[in-house]
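Okay, structure first, notes after.
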Amino acid sequence: MNSGQIMTAQLENGGTIDFVLDANAPRGGMKHTFFTPDKKYAVQFFNNPQDGQNPNIQDRIRTIVGIYNPTLSEQDGGALGNTEKTAEYFRSRFCWPVAIVQSPEFGIVCPTYPQRFFFGDNASTHGLNLKGKDKKSNWFTGRMRKYISSGELGDFRTMLSAAICLSRSIRRMHQAGLAHSDLSCNNVLIDPQTGSTVVIDIDSLVVPGKYPPEVCGTRGYIAPEVLTTMELDPRDPRRCLPCVSTDLHALPVLIYEYLFLRHPLAGPKIYSPDSAEEDDFLAMGPKATFIEDPNDTSNRPQDLKITIQSLSKGLEKLFLRAFVDGLHNPSERPTAMEWERELLKAWDRLRRCENPHCEKKWFILRDEREPVCPYCKTRVTDKIITLTLKSAMRGKQGVYRDCGEVVVYDQMPLYDWHVYSNVHNDEKAGNDMRAYICKHNGMWLLVNHGIEGMTSPTGRLVPKGQAVELKDGAVFRMTDRENGLLCEVSAI
Amino acid sequence: MSDYIRRLPVYLLLDCSGSMSGEPIEAVKQGIKALLTELKGDPQALETAYLSVITFNSTARQVSPLTELMLFKEPELTAGGATALGGALCVLADCIKNEVRTSTATQKGDWKPLVFLLTDGAPTDNLEDGLEAIKNVSTGNIIACAAGANANTNTLRKITNNVLMMNNLTAGDLAAFFAWVSGSIKASSKSIDAKPGEAVQLPPPPQGFVIVP
């Protein structure tokens with residue numbers, strides 16, 4: 001192979017794409033990767049050319065590039081119901097294959113992931129040369145974190161944001177019936193600074209009705225039932241193959257790693273005195289035990305200080321469902337949508353720690369009556385202002401139901417989903433700031449930045465640029481327009 | 001939490017006999033440098049792989065004890081003397097016994113060690129002693145690479161079933177060998193989607209290398 005030589009690949013859609021040959025092309029388990037001269041696209045071929053000729057694999061990949069593609073609008077041949085806006089949203093969150101190579105051999109073309117998922121200069125404080133390397137999440141969540149510059153590490157808030165981003169991407173996949181089948185620290189890159197993730201290696205998805213891919217997953221992320229039955233013949237009905245419910249094991253493992261910087265199953269318990277291999281098999285497979293299992297503390301590390309009880313009650317419950325009830329019972333695992341929803345609720349309870357030296361900087365306010373940062377134990381001295389957002393019940397004059405709670409902080413932005421009951425914080429919502437919170441001369445204000453029809457507690461119009469004071473017990477309309485939310489203030 | 005981390009011990013057994021002097025030994029030094037750089041770019045390898053170097057000429061000795069990659073110091077290598085391959089295997093067996101944690105009822109053991117052996121000649125000492133010694137320790141994969149025309153692949157076959165042959169002892173081939181070693185270590189450190197007790201799958205050998213059947 002002549003490294004540096006430029007080759008032209010013929011695409012199935014009639015186009016061509018140039019790529020640069022490289023004898024040291026990055027090589028994964030299934031494929032190796034070349035890049036276009038401008039490095040905007042990766043051109044990937046199978047390590048085993050027979051895989052590329054396999055009609056089952058080709059067929060599956062064609063549907064992934066086409067009718068299951070959430071990064072392409074329905075109009076352009078992508079997923080059903082996908083608009084250009086949602087397609088655009090997911091383009092930066094998935095590295096989704098965009099074309100199929102016909103010759104020199106069967107292969108796929110993927111966009112290269114955004115620059116923020118590659119390390120830049122000075123990423124390591126300990127002389128590691130990371131420039132240009134992928135930001136695999138275990139750089140940030142594993143023991144090697146200590147060698148990464150603090151500027152790269154983000155804080156608790158950005159890691160929570162990454163968890164939301166990932167759960168949303170997986171929810172979108174599962175919504176279409178697709179399973180990733182190999183979610184892991186290698187296949188989800190993370191940028192803690194911006195709190196974003198990108199899911200890569202999309203070509204081994206499980207597609208409904210198509211021949212399944214031959215991956216079983218990555219150590220630490222494989223669902224216990226898949227590892228346990230890996231030795232069985234693929235046609236054996238007891239054999240568990242990757243599917244949506246196995247993704248629903250890998251997803252909370254990643255979320256747990258993002259939020260706690262440790263693995264939920266890696267504890268001190270010795271499962272087998274015979275060999276490391278047997279011990280590990282039991283620990284990740286048939287005998288897997290959550291390190292925070294409330295009923296079985298055999299795998300609980302002695303020095304466990306920050307636990308799922310440091311998060312919101314909703315997230316605590318979901319982790320218990322994922323790693324206690326659902327660990328060996330796949331149907332009990334929370335769905336990606338539940339994760340997304342609960343993480344968003346936690347996001348609305350974030351509070352900046354008053355200790356300027358707090359390493360995590362932010363925490364989830366679990367209980368207003370016990371407002372303490374779980375990381376540095378600094379007690380909240382400032383007022384805690386909670387907005388309860390309510391929407392009018394259809395057909396019932398004057399009856400409202402709670403549809404969200406927001407613990408505010410100074411300079412907090414508010415968006416459409418804080419204003420209208422029919423907008424949710426998801427890929428369809430816009431991200432223009434509509435209002436913001438501001439602490440001014442000891443007063444807490446909600447400043448209208450772009451809402452038509454905001455009204456004060458006394459019913460007067462609050463024009464843009466003016467504010468409502470957030471006093472305990474105050475009730476006002478975020479807007480008097482259709483689907484406008486009512487806001488109830490509690491200040492303690 | 002670090003107590004629960006299993007290490008992947010990696011032993012490099014390097015021939016430093018007289019025939020390696022000049023370009024080959026320099027290429028080996030460069031190879032180790034490149035290996036370290038490569039592995040330090042991979043979080044899983046960095047977290048699990050521990051490296052040791054054993055050299056052999058007229059005698060064999062461990063020049064770098066099993067060390068985590070971030071603390072690993074490249075050894076001084078000089079070529080000269082004979083090819084004490086049997087002795088090198090004895091040293092390897094001792095090192096594994098002393099350095100690799102075994103699984104017990106109270107201790108998380110290390111993964112089975114990976115051993116890469118590079119030689120360009122035939123043993124000049126008693127190989128049988130070495131073969132006997134390594135029988136008594138558990139290793140995952142031993143990969144032997146016969147470098148150049150004078151290496152004796154039959155001898156290496158007695159040590160392991162995994163024998164590679166590189167035809168020329170050129171700097172380029174040695175560099176390719178070390179690149180492959182780093183690829184193998186990276187694969188082992190993560191692919192332990194391996195079934196218990198089985199040797200891990202290594203990537204295909206570099207171009208120009210022949211697997212000795």
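Please treat every number below as a calculation from the coordinates, not as lab data. Please read these numbers as outputs of a predicted model, since none were measured by experiment. Heads up, the Cβs are rebuilt from the backbone with ideal geometry, glycines too, and the neighbour counts pull from every protein chain shown.
A few comments on the model shown:
- With each label modelled as a point 7 angstrom along the Cα→C-beta vector, the B:Asn154-A:Gln10 pair spans 5.2 nm.
- Overall form of segment A:117-348 per C-alpha gyration tensor (a/c, 1.5; a/b vs b/c): rounded
- Shielding by partners for peptide A:126-138, expressed as the average number of C-beta atoms from other protein chains within 10 Å of each residue's C-beta, is 3.
- With the Kirkwood sum run over all distinct C-alpha pairs, segment A:1-114 has a hydrodynamic radius of 14.6 Å.
- 3J(HN,Hα) couplings calculated from phi for segment A:190-196 with the Karplus curve 6.51 cos²θ - 1.76 cosθ + 1.60 (θ = phi - 60°) are, in sequence order, 9, 10, x, 5, 9, x, 10 Hz; Gly and Pro show x.
- What the Cβ-Cβ distance of B:Asp129 and A:His32 gives, at R0 = 35 Å and to the nearest 0.05, is a FRET efficiency of 0.25.
- Packing-based order for A:379-387, A:29-37, using average beta carbon neighbours within 10 Å, highest first: A:29-37, A:379-387
- Residues whose amide H falls under 5 Å from that of A:Cys403, counting only those 5 or more places apart or on a different chain, are A:Leu389, A:Lys390, A:Ser391, with hydrogens built in the peptide plane.
- Local electrostatic count at A:Phe45 - Lys and Arg +1, Asp and Glu -1, tallied over other residues with Cβ under 9 Å: 0
- Residues in segment A:477-492 carry Karplus couplings, in order, of 8, 5, 7, 8, 6, 4, 6, x, 8, 9, 10, 10, 9, 10, 10, 10 Hz; the curve used is 6.51 cos²θ - 1.76 cosθ + 1.60 with θ = phi - 60°, and Gly or Pro positions show x.
- For the residues of B:108-115, the average number of beta carbons from a partner chain within 10 Å of their own beta carbon is 3.
- Counting Cα-Cα pairs of segment B:15-211 in 5 Å increments starting at 0 gives whole-percent bin shares of 1, 8, 16, 21, 23, 18, 9, 3, 1, 0.
- Taking every full run of DSSP H in chain B, the ones that stretch at least 27 Å from end to end by Cα along their long axis and average -0.5 or higher on the Kyte-Doolittle scale are B:171-190.
- In plain terms, the residue of A:His418, A:His440, A:His357 with the fewest other Cβ atoms within 10 Å comes first and the most crowded comes last, giving A:His357, A:His440, A:His418.
- A:Ser245 sits among other residues whose Cβ lies under 11 Å from its own Cβ, and their net charge, with Lys and Arg +1 and Asp and Glu -1, is -2.
- Cα centroid separation - segment A:190-253 against segment A:48-72, whole Å: 17 Å
- Convex hull volume per residue, computed on the Cα atoms of chain A, equals 190 Å³.
- Local electrostatic count at A:Cys358 - Lys and Arg +1, Asp and Glu -1, tallied over other residues with Cβ under 14 Å: +4
- Relative to the longest principal axis of the Cα atoms of chain A, the long axis of helix A:55-65 lies at roughly 30 degrees.
- No disulfide-compatible partner, judged by a Cβ distance under 4.7 Å, exists for the following cysteines of chain A: A:Cys95, A:Cys110, A:Cys165, A:Cys185, A:Cys216, A:Cys240, A:Cys243, A:Cys403, A:Cys438, A:Cys487.
- Here segment B:42-84 and segment A:382-431 have alpha carbon centers that stand 61 Å from each other.
- Measuring r between the beta carbons of B:Glu68 and A:Leu304 and using R0 = 22 Å, the FRET efficiency lands at 0.35.
- Distant-in-sequence amide contacts of A:Gly29, defined by a placed amide H-H separation under 5 Å and a gap of 5 or more residues or a different chain, comprise nothing.
- With a 10 Å cut-off around each Cβ of B:36-49, the average count of Cβ atoms from other chains is 5.
- Sequence-distant contacts, meaning Cα pairs under 8 Å at least 6 residues apart, place the relative contact order of chain B at 23 percent.
- Close amide-amide hydrogen proximity is noted between B:Val10 and B:Tyr50, B:Leu51, B:Ser52, B:Leu114, each under 5 Å apart and 5 or more residues distant or on a separate chain (H modeled in the peptide plane; Pro and chain starts excluded).
- The convex hull around the C-alpha trace of segment A:383-491, projected and averaged over every direction, spans 6.6 square nanometres.
- Estimated 222 nm signal from helices in the protein assembly as shown, with DSSP H stretches of n ≥ 4 weighted -39500 (n - 2.57), rounded to 500: -7500 deg cm²/dmol
- Karplus-based coupling profile of segment A:151-166, in residue order and whole Hz: x, 8, 7, x, 9, 4, 5, 6, 5, 5, 4, 4, 5, 5, 4, 5, with θ = phi - 60° in 6.51 cos²θ - 1.76 cosθ + 1.60 and x standing for Gly or Pro.
- Cα-based helix-to-principal-axis angle, A:336-347 vs chain A, degrees rounded to 10: 40 degrees
- Cα-based helix-to-principal-axis angle, A:244-260 vs chain A, degrees rounded to 10: 60 degrees
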